[in-house]
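Single-structure report; data block below.
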Amino acid sequence: MTRLFNNINKLKGVGEKRTKLYEKLGITTPYELLHHFPRDYTDYTQITAVIDAPINEYSVLKGTVVKKLTEQRARSGLMIFKAIANDGENDFLIVIFNNYYAFNELRVGKEYYFHGKIVGDLLKKEINSPHIISGDSKELFQPIYPLTEGLTGKMIQTNMKACLQVMESEPIEVLPNDIIKENNLCSLMEAIRNIHFPQSKEMLDRAKRRLAFDELLKLQLGMLMLKGRNKKKSAIKMDGDANMGKLFEAFPFELTNAQKNAISEINADLCLDVPMNRLLQGDVGSGKTAVAAAACYFVYLNGYQSALMAPTEILATQHYNTLSQFLGPLGVEVCLLTGSLTLKQKKTVKEQILNGEIGVVVGTHAIIQKSTIFKKLALVITDEQHRFGVAQRAALAEKGGSPHKLVMSATPIPRTLALIIYGDLDISILNELPKGRVKIETFAVTGKLRERAYNFIRERLDEKKQAYIVCPMIEDNNNDLTAVTSYAQALQDNEFRGYNVGLLHGRMNSADKESVMNDFRNGRMDLLVSTTVIEVGVDVPNAVVMMIENSDRFGLSQLHQLRGRVGRGKAQSYCILVTDNANEEVKHRLRIMSNTTDGFKISEEDLKLRGPGDFFGEKQHGLPQLKIADIAGDMELMRITQIVAREIIAEDSELKLPKNSGLRIEVIRLFGGSGENSLN
Ligand code: ADP
Ligand code: MG
């Protein structure tokens with residue numbers, strides 16, 4: 001069992017140069033090459049008759065070479081090789097540029113498949129630079145691999161065949177036999193053979209199912225192992241008798257039932273001596289902060305400290321204000337710890353944290369994590385989790401022993417999916433918005449209606465309400481920056497003269513950002529023009545209009561987040577989506593936005609439209625990347641593998657049994673790259 005794990009340069013046909021190219025694709029061993037799966041296939045069973053082959057499209061033609069013509073040299077120096085072939089009915093011309101080798105291989109009288117772009121006219125069709133395989137080939141599904149410059153599909157195919165030969169002499173299988181049988185899977189070797197060189201469509205499907213099964217199973221095993229390890233740690237146990245009544249009376253509102261449930265689930269966890277590891281998922285505006293405040297208060301009543309971390313300073317400051325407002329009057333010392341404090345301020349605050357004076361520390365992620373030492377930290381809360389990955393989640397776990405952990409996410413994701421992505425967490429869901437919220441009215445308009453939209457906004461401002469206008473800044477680039485800046489200026493000078501227009505973007509320093517946000521929060525500013533830094537979490541209930549420029553540039557979930565900045569109070573709120581680029585897909589998206597405000601529905605649609613890769617992005621979910629399985633599409637497989645994973649872990653929590661050794665290696669490999677989250 002070693003040749004597969006040798007350096008790839010030991011493989012027949014792979015020299016130094018190719019080794020480098022493979023490295024670029026992240027492939028260093030034959031085993032990894034075997035797992036370099038095709039991104040698609042050319043299906044040579046789908047033959048088109050010459051007469052039917054559409055001009056300017058790709059087709060597969062099957063024909064016998066009738067005659068090879070003399071080569072020509074174009075003025076550019078390009079060599080052009082041509083041959084005439086016939087598909088039994090009609091002639092067509094094969095045109096090959098510069099590739100003498102391919103042309104030379106063609107034999108008159110022999111039959112071939114040709115895959116390429118059809119050009120010419122209806123009477124005389126040509127197939128350009130076709131991919132050619134022999135007419136008696138059994139490999140009628142040709143893999144199309146992700147490539148890198150200098151490495152062709154042909155090269156990969158040749159090396160892959162050598163790899164497969166090595167595999168035949170060193171059989172591999174990672175699943176225990178009974179699992180293979182019970183789930184009607186093919187063997188791993190058969191799957192690998194067929195994913196690269198499928199014998200038929202059916203075999204290809206079987207191969208995909210087996211490989212997707214493995215991926216999802218490994219993923220879930222890894223998560224369950226993390227969860228299991230967490231349960232073995234010990235945490236500070238709270239006393240359930242602490243009386244929360246004072247806080248509930250102090251809230252300026254009645255908690256929703258969903259909030260109450262979440263609070264009791266959290267408090268129950270806090271009373272155990274294993275660390276809580278819980279996700280609080282709730283749609284925008286569902287009131288996650290109040291739940292966080294309750295958890296901090298519970299911990300405070302027990303005599304311990306909590307930390308609440310936010311991804312940005314704006315949010316940290318906002319949470320600090322909210323928590324001080326809720327908890328301050330009850331005697332809890334709340335402090336703010338962010339990068340913009342002076343060194344001296346930081347020092348003072350840190351001392352107070354260390355000597356235990358402070359009950360709740362609110363701050364940005366980096367600051368709290370780095371050098372802050374707590375006297376008796378019991379609970380760490382992370383807001384807007386979807387910005388962080390599994391790895392960061394695990395990193396936090398190490399802070400001050402094993403505190404209880406609560407992560408709050410505003411990305412509503414379908415439950416099945418949440419179980420995968422947050423498989424190592426327990427989940428509480430806020431599936432109910434506070435009473436009295438009015439549904440946000442959403443309109444999609446073209447730029448022609450911009451003036452009317454401005455009018456509409458002015459009317460709201462005259463009612464002493466506030467509004468946002470968001471401009472996308474896709475990359476952190478200077479042109480976009482100039483664009484928002486001058487847009488804000490133009491509005492101030494023209495349409496919104498006499499109103500106070502502010503500007504917020506990511507390149508501003510924290511002090512400036514904070515002062516803009518403060519002005520807006522306190523109502524000194526009427527209209528805030530912003531890039532998407534405003535996206536997550538900002539809570540100004542008096543803002544009632546969210547206008548989004550170039551809304552076609554945003555995905556559904558992001559639009560939903562942005563829209564969630566309004567409709568946070570009792571007043572009717574509005575969302576105006578502006579676009580001049582409404583193709584069918586954009587229209588579909590904007591229609592969904594206009595029709596529903598349910599975050600779960602929206603994220604399901606988003607997932608369907610974009611696929612899980614784009615939806616989460618590897619960086620965002622922090623999970624190992626999946627090659628074959630489609631998290632959104634393979635729900636059934638997900639369900640099955642979840643059951644299987646639970647059974648395996650119930651019997652063998654660390655995969656130490658001999659029959660699970662293959663799986664163990666694979667799971668470690670899959671999670672190996674996830675830093676803190678590694679399972680080594
Ligand atoms: P999110 O879940 O998006 O983080 P927030 O915690 O920012 O939501 O809460 C949104 C707004 O709703 C805040 O202004 C908050 O004070 C208010 N709020 C929270 N809970 C309730 C409730 N039960 N009833 C009425 N308003 C509430
Ligand atoms: Mg929030």
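The values are calculated or read from the model by the stated rules, or taken from the named source; none is laboratory data. Quick caveat: nothing in here was measured; it's all calculated off a predicted structure. Neighbour counts are summed over all protein chains in view; Cβ atoms, including those assigned to glycine, are modelled from backbone coordinates with ideal geometry. To get the accessible areas, we keep the full protein, side chains included, count just its heavy atoms, and leave off ligands, DNA and RNA. Shrake-Rupley method; radii C 1.70, N 1.55, O 1.52, S 1.80 Å.
Could you identify the single residue in ILE373, ILE314, ILE381 that is within 13 Å of ligand 1 (Cβ to nearest atom) and either over 21 Å from ARG565 (Cβ atoms) or of a type outside the set (A, V, I, L, M, F, W, C) (or both)? Walk me through it before giving the result.
Numbers: ILE373 fails: within 13 Å of ligand 1 (Cβ to nearest atom); ILE314 fails: either over 21 Å from ARG565 (Cβ atoms) or of a type outside the set (A, V, I, L, M, F, W, C) (or both).
That would be ILE381, the only listed residue that is within 13 Å of ligand 1 (Cβ to nearest atom) and either over 21 Å from ARG565 (Cβ atoms) or of a type outside the set (A, V, I, L, M, F, W, C) (or both).
Condition test on TYR112, is it touching a residue at least 40 places away in the same chain (Cβ under 8 Å) and under 30 Å from ARG209 (Cβ atoms)?
Working: touching a residue at least 40 places away in the same chain (Cβ under 8 Å): yes; under 30 Å from ARG209 (Cβ atoms): no.
Here the answer is no, as TYR112 does not meet what is asked.
Just checking, does segment 517-527 include any residue being buried (at least 22 other Cβ atoms within 10 Å of the Cβ), closer than 19 Å to PHE456 by Cβ and of a type in the set (D, E, K, R)?
yes
Are any residues in segment 267-284 within 16 Å of ligand 2 (Cβ to nearest atom) and not charged (D, E, K, R), and if so, which ones?
Within segment 267-284, LEU279, LEU280, GLN281, GLY282, VAL284 qualify.
Starting from residues that are open to solvent by less than 10 Å² (accessible area, probe 1.4 Å) and outside any strand (DSSP E or B), keep the ones in segment 264-284 and report whichever is nearest to ligand 1 (Cβ to nearest atom). So that I can check it myself, show each step before the final result.
From segment 264-284, those open to solvent by less than 10 Å² (accessible area, probe 1.4 Å) are 266, 270, 275-276, 279-282; that's our starting set.
Add one more test, that the residue is outside any strand (DSSP E or B), and what stays is 266, 270, 275-276.
On the way: ILE266: 15, LEU270: 20, PRO275: 23, MET276: 19 Å.
Across segment 264-284, the extreme among qualifying residues is ILE266.
For segment 181-194, what are the residues that are open to solvent by 20 Å² or more (accessible area, probe 1.4 Å) and in a helix (DSSP H, G or I)? If you could, list the steps in order and put the result at the bottom.
Here is the first cut: in segment 181-194, the ones open to solvent by 20 Å² or more (accessible area, probe 1.4 Å) are 181-184, 187, 189-190, 193.
Listed by number, the residues that qualify are LYS181, GLU182, MET189, GLU190, ARG193.
Search segment 569-586 for residues being touching a strand residue (DSSP E or B) at 6+ places or on another chain (Cβ under 9 Å) and in a loop (DSSP other than H, G, I, E, B), and hand back the single one that is modelled with the lowest pLDDT.
ALA582
Which numbered condition in (1) modelled with pLDDT under 95; (2) at positive phi is the only one that ASN184 fails?
Exception for ASN184: condition (1).
Here is a check on your reading of the model: is GLY567 under 16 Å from ILE602 (Cα atoms) and in contact (Cβ under 8 Å) with a residue 40 or more places away in the chain?
For GLY567, the condition - under 16 Å from ILE602 (Cα atoms) and in contact (Cβ under 8 Å) with a residue 40 or more places away in the chain - is not met.
From the residues in segment 572-586 that are touching a residue at least 60 places away in the same chain (Cβ under 8 Å) and open to solvent by 30 Å² or more (accessible area, probe 1.4 Å), which one is nearest to ASN542 (Cα to Cα)?
That would be GLN572.
Tell me yes or no: at least one residue of segment 493-511 is surrounded by 15 or more Cβ atoms within 10 Å (Cβ to Cβ), under 16 Å from ILE314 (Cα atoms) and touching a residue at least 60 places away in the same chain (Cβ under 8 Å).
yes
Would you confirm, using the coordinates I've provided, whether GLU111 is within 24 Å of TYR41 (Cα to Cα), at pLDDT 95 or above and open to solvent by 50 Å² or more (accessible area, probe 1.4 Å)? I'd like the intermediate steps shown before the answer.
Values: within 24 Å of TYR41 (Cα to Cα): yes; at pLDDT 95 or above: yes; open to solvent by 50 Å² or more (accessible area, probe 1.4 Å): yes.
Yes.
Does VAL332 qualify as being at pLDDT 90 or above, touching a helix residue (DSSP H, G or I) at 6+ places or on another chain (Cβ under 6 Å) and part of a strand (DSSP E or B)? Reasoning before the result, please.
Values: at pLDDT 90 or above: yes; touching a helix residue (DSSP H, G or I) at 6+ places or on another chain (Cβ under 6 Å): yes; part of a strand (DSSP E or B): no.
Answer is no for this residue.
Examine segment 452-462 for a residue that is surrounded by 19 or more Cβ atoms within 10 Å (Cβ to Cβ), touching a residue at least 24 places away in the same chain (Cβ under 8 Å), more than 16 Å from ligand 2 (Cβ to nearest atom) and part of a loop (DSSP other than H, G, I, E, B), and state whether such a residue exists.
No, that holds for no residue.
Under the condition of being open to solvent by 30 Å² or more (accessible area, probe 1.4 Å) and in contact with a Ser or Thr (Cβ under 8 Å, 6 or more places away or on another chain), which residue from segment 285-319 is nearest to ligand 2 (Cβ to nearest atom)?
THR289
Looking at (1) surrounded by 18 or more Cβ atoms within 10 Å (Cβ to Cβ); (2) within 13 Å of ligand 1 (Cβ to nearest atom); (3) modelled with pLDDT under 95, which one does ALA250 not meet, given that it meets all the others?
Going through (1) surrounded by 18 or more Cβ atoms within 10 Å (Cβ to Cβ); (2) within 13 Å of ligand 1 (Cβ to nearest atom); (3) modelled with pLDDT under 95 one by one, ALA250 breaks only (1).
Check whether at least one residue in segment 216-238 is in a loop (DSSP other than H, G, I, E, B), surrounded by fewer than 23 Cβ atoms within 10 Å (Cβ to Cβ), touching a residue at least 40 places away in the same chain (Cβ under 8 Å) and within 16 Å of ligand 1 (Cβ to nearest atom), and report yes or no.
Step one: filter segment 216-238 for residues in a loop (DSSP other than H, G, I, E, B), giving 233-238.
If we keep only those that are surrounded by fewer than 23 Cβ atoms within 10 Å (Cβ to Cβ) too, we end up with 233-237.
Now narrow it down to the ones that are touching a residue at least 40 places away in the same chain (Cβ under 8 Å): 233-236.
Okay, now just the ones that are also within 16 Å of ligand 1 (Cβ to nearest atom), so none.
Within segment 216-238, not a single residue is in a loop (DSSP other than H, G, I, E, B), surrounded by fewer than 23 Cβ atoms within 10 Å (Cβ to Cβ), touching a residue at least 40 places away in the same chain (Cβ under 8 Å) and within 16 Å of ligand 1 (Cβ to nearest atom).
Considering segment 541-557 alone, what residues qualify as being within 16 Å of ligand 1 (Cβ to nearest atom) and closer than 20 Å to ALA453 by Cβ?
Those that are within 16 Å of ligand 1 (Cβ to nearest atom) and closer than 20 Å to ALA453 by Cβ: ASN542, ALA543, VAL544, MET546.
For segment 527-540, enumerate the residues that are assigned to a loop (DSSP other than H, G, I, E, B) and within 16 Å of ligand 1 (Cβ to nearest atom). Working first, answer last.
Within segment 527-540, the first condition is being assigned to a loop (DSSP other than H, G, I, E, B), and the residues that meet it are 531, 535-540.
Answer for segment 527-540, where residues must be assigned to a loop (DSSP other than H, G, I, E, B) and within 16 Å of ligand 1 (Cβ to nearest atom): GLU535, VAL536, GLY537, VAL538, ASP539, VAL540.
Among what's in segment 518-541 and is modelled with pLDDT of 90 or more and in contact with a helix residue (DSSP H, G or I) (Cβ under 7 Å, 6 or more places away or on another chain), pick the residue that is farthest from LEU556 (Cα to Cα).
Among residues in segment 518-541 that are modelled with pLDDT of 90 or more and in contact with a helix residue (DSSP H, G or I) (Cβ under 7 Å, 6 or more places away or on another chain), the one farthest from LEU556 (Cα to Cα) is MET525.
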